[in-house]
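To keep things clear, I will list the structure first and then write my remarks on it.
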Amino acid sequence: MILEIELPLLRKVDISNISKIKKLLYIISQAVPFKPNISALAEKINISRNSLLEYLNGIDAANIINTINRDSFGVSLLQKPEKIYLENTNLIHALGQGEPNIGNLRETFFLNQLSVNHRINYPVKGDFMIDNKYLFEIGGKNKTQKQIVGKKNAFIVADNIEFGYENKVPLWLFGFLY
């Protein structure tokens, strides 16, 4: 409904490009997580770079994807996102083929839960910067401190653990934020 009705009517997307947007979503669903090369991606799905950025903005606003940028202020329509995620883990399962990447599922879940009430950016180190204050690195139970060592307000969010300790927090706890 969003792709075939909302985007053409409200975002003035040419109906002939809906199949290209579907192809884009498939590519994102297969990514681990997706760090886009906008020019190459635009060429791959046969649209212009600026059109691709406009479509990404439209499907982000429609809550089909979440884009993460470096800067939290002054984000323009034509800024290249640093990472692109599907909006939730159900879309990964629905659009992808085969077994989805566990790292992508973890990061998508975390982003989905925090994006409702927090500003999220792509940091130089780590996976997510929340409200320009808290740094998070997402991983499994054996995830180390390597990416966040020496960083203030930095945390490991680990899957497959029941209890947190020190700065290691179970991923499942973030499900209570929504």
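Throughout, read-outs are computed from the coordinates displayed, never taken from laboratory work. Owing to the predicted nature of the structure, the values given are computational and were not obtained by experimental measurement. Using ideal geometry, Cβ is built from the backbone for each residue, glycine included, and neighbour counts are taken over all protein chains shown.
So how tilted is helix 18-30 from the main axis of the chain? Cα-based, degrees 0 to 90, rounded to 10.
Helix 18-30 and the main axis of the chain meet at about 20 degrees.
Count charges around Phe136 for me, please; just the other residues with Cβ under 12 Å from its Cβ, Lys/Arg as +1, Asp/Glu as -1.
Within the 12 Å Cβ shell, the charges total +2.
Beyond 25 Å between alpha-carbons counts as too far, so tell me which of Lys23/Lys83; Lys44/Lys141; Lys22/Lys125; Lys83/Lys133; Lys44/Lys83; Lys23/Lys80 fall in that bin.
Going by Cα-Cα distance, Lys44/Lys141; Lys22/Lys125 fall outside the 25 Å limit.
Please compute the Cα-Cα pair-distance distribution of the range 101-178 with 10 Å bins starting at 0, giving whole percents from short to long.
20, 58, 22
Going out from 0 in 10 Å bins, what whole percent of all Cα-Cα distances in the range 1-90 drops into each bin?
17, 55, 27, 1
In debye to the nearest 20, how big a dipole does the range 1-101 give about its Cα centre with +1 on each Lys and Arg Cβ and -1 on each Asp and Glu Cβ?
Its charge dipole is roughly 260 debye.
Expressed as an acute angle from 0 to 90° and rounded to the nearest 10, what is the orientation of the C-alpha long axis of helix 49-61 relative to the principal long axis of the chain?
60
Name the most mobile residue of Phe34, Phe163, Phe109, meaning the one with the largest mean-square fluctuation, in a Gaussian network model of the chain with Cα contacts below 10 Å.
Phe163
When the scattering of the chain is computed by the Debye formula from its Cα atoms alone, each counted once and equally, what is log10 I(q)/I(0) at q = 0.09, 0.10, 0.14 Å⁻¹?
-0.33, -0.41, -0.77
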